[in-house]
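Novice: Here it is: the structure, laid out below.
The values are calculated or read from the model by the stated rules, or taken from the named source; none is laboratory data. Keep in mind that what you see is a predicted model, and the values were worked out from it rather than measured. Virtual Cβ from ideal backbone geometry, glycine too; neighbours counted across all protein chains shown. Please note that ligands, DNA and RNA were not included when accessible areas were found on the heavy atoms of the full protein model with its side chains. Shrake-Rupley method; radii C 1.70, N 1.55, O 1.52, S 1.80 Å.
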Amino acid sequence: MWFFKKKKQTDQDILIERIKAEQIDLQGIFSDINKRGEVEALFKDLSKLSHPDKFEKDPEKKEIAKELFAQIQNSRNNYTRLIELKQNV
């Protein structure tokens, strides 16, 4: 008859078992991904609308566009700030 000695669990094995036992919130993960896509789309739209090169013939508008474009670039990952900037455009 064969007897198998039970392997002593390491900390890594215990951690792996705990991770497998936990429920994963896929809906939360996918909503974050969707929000990230919305942020990227909003960023691209605002960048196109306010790009300084669109206002080559009007220096006054070009300066305003430069400032707005810089704010958009600095707020690239801040969804609420991008929404605020979109209302100003």
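Novice: Where the second residue is of a type outside the set (D, E, K, R) and the first is at pLDDT 70 or above and lies in segment 1-27, which pairs have Cβ atoms under 9 Å and are six or more apart or on separate chains?
Specialist: From residues that are at pLDDT 70 or above, the pairs are 17/9.
Novice: Need pairs with beta-carbon distance below 6 Å; first residue under 18 Å from residue 85 (Cβ atoms) and within segment 54-66, second open to solvent by less than 90 Å² (accessible area, probe 1.4 Å) and among the small types (Gly, Ala, Ser); sequence gap 6+ or separate chains.
Specialist: 55/65; 65/50
Novice: Still on this model: Within segment 50-89, count every residue that is in a helix (DSSP H, G or I) and open to solvent by less than 70 Å² (accessible area, probe 1.4 Å).
Specialist: 13
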